[in-house]
Structure formats: structure tokens, C-alpha cells
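The values are calculated or read from the model by the stated rules, or taken from the named source; none is laboratory data. All values reported here derive from a predicted model rather than from experimental measurement. Note that we place each Cβ from the backbone using ideal geometry, even for glycine, and neighbour counts take in every protein chain shown. Please note that ligands, DNA and RNA were not included when accessible areas were found on the heavy atoms of the full protein model with its side chains. Shrake-Rupley method; radii C 1.70, N 1.55, O 1.52, S 1.80 Å.
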Amino acid sequence: MPNCLFLCATLVHYAGPSYSNYTFHLFHSAAEPWPENAALYQPLKDDQILLSDHASSLAVQAYLRMCNLPVQVVCRANAEYMSPSGKVPFIHVGNQVVSELGPIVQFIKAKGHSLSDGLDEVQKAEMKAYMELVNNMLLTAELYIQWCDENTAKEITRPRFSSPYTWPLNHVLAYQKQWEVRRKMKAIGWAGKTLDQVYEDVSQCCQALSQRLGTQPYFFNKQPTELDALVFGHLFTILTTQLTSDELGEKVKNYSNLLSFCRRIEQNYFEDHDKDSITSSTSRLSKGSFLM
């Protein structure tokens, strides 16, 4: 198996969040104190939200909790269309709207809250490489399974994605989204992959993450960073989301330290705060307690 950093280097050509594309023009207002009425917007959690969007939303929620910043989760059927980037989640803080984890981390940093300031430059570069790995492998695999595996698309993805809308708009929007995702898969070279190849990519990604984590509580020892929030969001959601096959979750379950990692963050940042916020979003898709 290639080592984790070599694996990261081979993936940088995939589409994914770029740290060079942050919306720095928002930061003039970022110096204002964090408000009590900050809101995070995502699709409807019981009937609409998909695996990939839920994972991304949970990652942002985890990061905000790690920073001890309050936020109210607001579910809207049109959250994707409200977002300035067309992607969820996004946060509404004061008069600013910021979407996706990377820009949100930078926005919060401008307010004086950061989880990675204690890292040296080498560690920060390594953290960013692993975040690219997660976005380019796990997130892309989630999108592939949702929209390119026809069985999953038919049984789960299209019905959930289109559930807030009436005919014929529900069909139009679902097939439009599926076309967009499949076009992206073609552009990054994933269109020709089989489902087994995608599962193998996930397994390799989990192996790299497991090796980096080792026996540490978090990826950079005792304190979490945005990498921990991102990994938790994706792994926890994969483990608690019912798909047409259990294969995706089984790939994660092969790594006991990743399971312990998810349980640790769940206990430290969600169970003592507002347990419903993490469990209710998977209430219709829950597999039960995967960490027991």
C-alpha cells in the first residue's frame, strides 16, 4: 500500500474544496463577536438530507462545538439553493453567509477561534493533505454511491432528494442533480469505476487515516483540529446511515481505532450538549449503535 502522504499527492487533481479559494472579503466583519443567534442551514434532516450533505453538515457542527461556539441548526428544503456556493451546509452569522467547512474554518479563525494555531507549519501542511484526502476520497465516494449506483439512486437518493417537491418538479430536480454529479465523476475520472473499486478506495483512505491516528485520541495528539471534525463528520455518518448495502460502513468498521475516535468525539462534544442534534438527523436511517 502507498503511504498516506503519497496517496494524498496522487489525489490532488480531483475536484474538491480548495484552500486558495476562500472568500476573504467576508473577514472584515469576522472580527465582530460570535452572536448567540448564529444559524447553520442544511436540508430537511428526516426526509431529504443525503449521506454526503449530512456528513458535511456534521463536520461543521463538530468543528463549532470544538470551538465552543453556539449555533442553531435550521433545516430548509431549499438549503442548497440558498447557499452562496450551491453547497451545504452554510452558516449565517450576523450579516454574513459562509458555506462549506474550509471557508467556515477561516471565517471563524478571523474571529479569534482556531483549533490548529498550535501546530507548526509541517503539521499544518500534513493536516491539509489529510483533509484533501478525505474530501477527494470519502466525499467523492459518497457522491458516487448516491448518484452513480443506480440501485441506491433509485431506492434512496432520488426519492429523498426530491421529497419536498411535487410532480413534475421533483423528477426534474432529482435527475438534474444526478446528471450534474455524474458529469463531475466523468471529469475526475471516476465515471468508469465499479462499485467494488470505489469501496476499495474508501478502504485505502480509512487505512491511511487509521495509520495516522494510531493510538492517539485525535490526529494531532490530545487536542482536536478541523481534520478531526471533518473525519468524524464523514465516518460517523457512514456508520449510522442505512444504504442498500452495508459494504460502505463495513470498510470503516475494519479499523477499531477509527470507531473509538468517532465514539470519543460523540461523547465529548455531542452527548453532553444536545444528543438529539446528532441522532435525530439519522433517525430514519439509523443502523443502531455501531460503537457498542
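At-a-glance table
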| read-out | value |
| --- | --- |
| Rounded if a/c under 1.5, otherwise prolate or oblate - the stretch 124-245, Cα gyration tensor axes | prolate |
| Percent of C-alpha pairs per 5 Å bin, the stretch 96-162, short to long | 4, 14, 15, 16, 14, 13, 10, 8, 5, 1 |
| Of Lys124/Lys154; Lys128/Lys154; Lys154/Lys253; Lys109/Lys251; Lys128/Lys193, those spanning more than 31 Å from alpha-carbon to alpha-carbon | Lys124/Lys154; Lys128/Lys154; Lys109/Lys251 |
| Phi to ³J(HN,Hα) by Karplus 6.51 cos²θ - 1.76 cosθ + 1.60 over the stretch 127-133, Hz, x for Gly, Pro | 4, 5, 5, 5, 5, 4, 4 |
| Segment Glu250-Lys154, extension gain: residue separation times 0.36 nm, minus the distance between their alpha carbons | 32.3 nm |
| Span from the the stretch 209-264 Cα centroid across to the the stretch 108-160 one, whole angstrom | 12 Å |
| Label-point gap, in nm, between Trp167 and Ser260 - each point 7 angstrom along Cα→Cβ | 5.3 nm |
| Rounded to whole Hz, the Karplus (6.51, -1.76, 1.60) HN-Hα couplings of the stretch 242-257, x for glycine and proline | 7, 10, 6, 9, 8, 4, 4, x, 5, 5, 6, 5, 5, 10, 5, 6 |
| Over the stretch 222-273, equivalent-ellipsoid semi-axes from the Cα gyration tensor in Å | 21, 12, 10 |
| Probe 1.4 Å, protein heavy atoms only - accessible area per residue of the stretch 185-237 in square angstrom | 37 Å² |
| Amide H contacts of Val74 (H built 1.01 Å from N, under 5 Å, at least 5 apart or other chain) | Leu40, Tyr41, Gln42 |
| Radius, Kirkwood style, for the stretch 46-122 when every pair of distinct Cα atoms is counted (Å) | 13.4 Å |
| Fraction of accessible area attributable to carbon and sulfur, the stretch 110-188 (%, probe 1.4 Å) | 55 percent |
| Trypsin sites (Lys or Arg not before Pro) restricted to DSSP loop in the stretch 150-253 with at most 12 other C-beta within 10 Å | Lys222 |
| All-pairs Cα distance distribution in the stretch 48-173, expressed in whole percent, bin size 5 Å | 2, 9, 16, 21, 18, 14, 9, 6, 3, 1, 0 |
| Accessible area per residue in Å² at 1.4 Å probe, computed on the stretch 31-91 | 39 Å² |
| Whole-number D in µm²/s for the stretch 185-236 (Stokes-Einstein; Kirkwood sum over Cα pairs; 37 °C, 0.692 mPa s) | 259 µm²/s |
| Using θ = phi - 60° and Karplus 6.51 cos²θ - 1.76 cosθ + 1.60, couplings along the stretch 106-119 (whole Hz; Gly, Pro as x) | 5, 5, 5, 4, 5, 8, x, 10, 8, 9, 10, 5, x, 7 |
| Spin-label pair Asn68/Ile188, simplified geometry with 7 Å Cα→Cβ offset, distance in nm | 3.6 nm |
